[in-house]
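Below you'll find the structure, written out as structure tokens, and then a few comments.
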Amino acid sequence: FILVYSITSRQSLEELKPIFAEIKDIKGGDVEGIPLMLVGNKNDETAAREVATEMGAGLAKQWGCAFMETSAKTNCNVKELFQELLQMEKRRNMTLALDPKKSKSQKRKEKLKGKCVMM
């Protein structure tokens, strides 16, 4: 999930709070391990800034998600945003794939379960 607000609009940040709450409800109340980023866009418009970087970073920390500021206009951090999100998803998939409670033989049995062998 990418939750984007404009750094020139505090209201846009406030409007993300119920959306985050909805994501949290759907995911069972815990967003840890879910690829989720809070992104402040329009960082090229510093003169019109209404949301300090620290405020966005603090909210991201409170929500337990990653944070970044970007500018779609100047293409600042846009590529990095998606690279970070992809890395978060890869880490999540690796964590889900690793199940330390099962031995190799148990995993093999599960893999073979339901397969027919003809002799």
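Key figures
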quantity: First in the stretch 61-77 and closer than 29 Å to K27 by Cα, second anywhere and open to solvent by 50 Å² or more (accessible area, probe 1.4 Å) and among the hydroxyl-bearing types (S, T, Y), Cβ under 8 Å, 6 or more apart; calculated: E69/T53
quantity: Among residues of the stretch 2-34, those that are open to solvent by 80 Å² or more (accessible area, probe 1.4 Å), in a loop (DSSP other than H, G, I, E, B) and at pLDDT below 95, counted; calculated: 3
quantity: Meets criteria (free of Cβ contacts under 8 Å to residues at least 40 places away in the same chain, part of a loop (DSSP other than H, G, I, E, B) and open to solvent by less than 80 Å² (accessible area, probe 1.4 Å)) for G40; calculated: no
quantity: Enumeration of residues in the stretch 49-59 that are among the hydrophobic types (A, V, I, L, M, F, W, C) and open to solvent by 50 Å² or more (accessible area, probe 1.4 Å); calculated: M55
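The values are calculated or read from the model by the stated rules, or taken from the named source; none is laboratory data. Because the structure is predicted, anything quoted here is derived from the model rather than measured. Heads up, the Cβs are rebuilt from the backbone with ideal geometry, glycines too, and the neighbour counts pull from every protein chain shown. Just the protein is used for accessible areas: all its heavy atoms, side chains included, with ligands, DNA and RNA removed. Shrake-Rupley method; radii C 1.70, N 1.55, O 1.52, S 1.80 Å.
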